[in-house]
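Only one structure is covered here, and it is reproduced in the block below.
The values are calculated or read from the model by the stated rules, or taken from the named source; none is laboratory data. Quantities reported herein were computed from a predicted structural model and do not represent experimental measurements. Don't worry about glycine lacking a Cβ; one is built from the backbone with ideal geometry, like all the others, and counts go over all protein chains shown. In case anyone asks, the SASA skips ligands and DNA or RNA and just uses the protein heavy atoms, side chains included. Shrake-Rupley method; radii C 1.70, N 1.55, O 1.52, S 1.80 Å.
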Amino acid sequence: MNAAGEPLPVRVMIFGEEYQIRTDRGEAHTRACARYVDEAIQRAHIAGVAEPHRAAILAALEITDQLLRARGDQEALTDEVEARLIEMAERLESMTDSVTGSVTGSVTGETPPLGD
């Protein structure tokens, strides 16, 4: 960021062309993104796509596919974690109820039930 708080431009090379990108993500992150895009375009080009714009479109499709699969994986993991948390909360509640029942029975003189 410059003195006015505006993002500084970062110069990157993608498929042999120089681009100046203004970003608040930082130079290292911006260069890593550009490198990733450049590598995807290079793979499409090496696979036989001669026209740069077609290689860029194929690279965009590849990167989008990776993003959507990663989001799906993240969603599945989030669902699994939520299910485990619910299960743990139910177990804790059951244990708390059991302990509370035992303590209440002791105070009232009742005999607490034997454990499962």
Checklist entry - Just for the stretch 39-84: of the residues that are of a type in the set (V, I, T) and part of a helix (DSSP H, G or I), which one is farthest from F15 (Cα to Cα)? => result V81
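Each row is one residue, and each column tells you yes or no for (1) under 23 Å from R54 (Cα atoms); (2) in contact (Cβ under 8 Å) with a residue 24 or more places away in the chain; (3) open to solvent by 80 Å² or more (accessible area, probe 1.4 Å).
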position: P9; (1), (2), (3): no, no, no
position: G26; (1), (2), (3): no, no, no
position: A32; (1), (2), (3): yes, no, no
position: R35; (1), (2), (3): yes, no, yes
position: D38; (1), (2), (3): yes, yes, no
Item to check | Criterion violated by R43 - all others in (1) under 28 Å from P7 (Cβ atoms); (2) surrounded by 13 or more Cβ atoms within 10 Å (Cβ to Cβ) satisfied | outcome: (1)
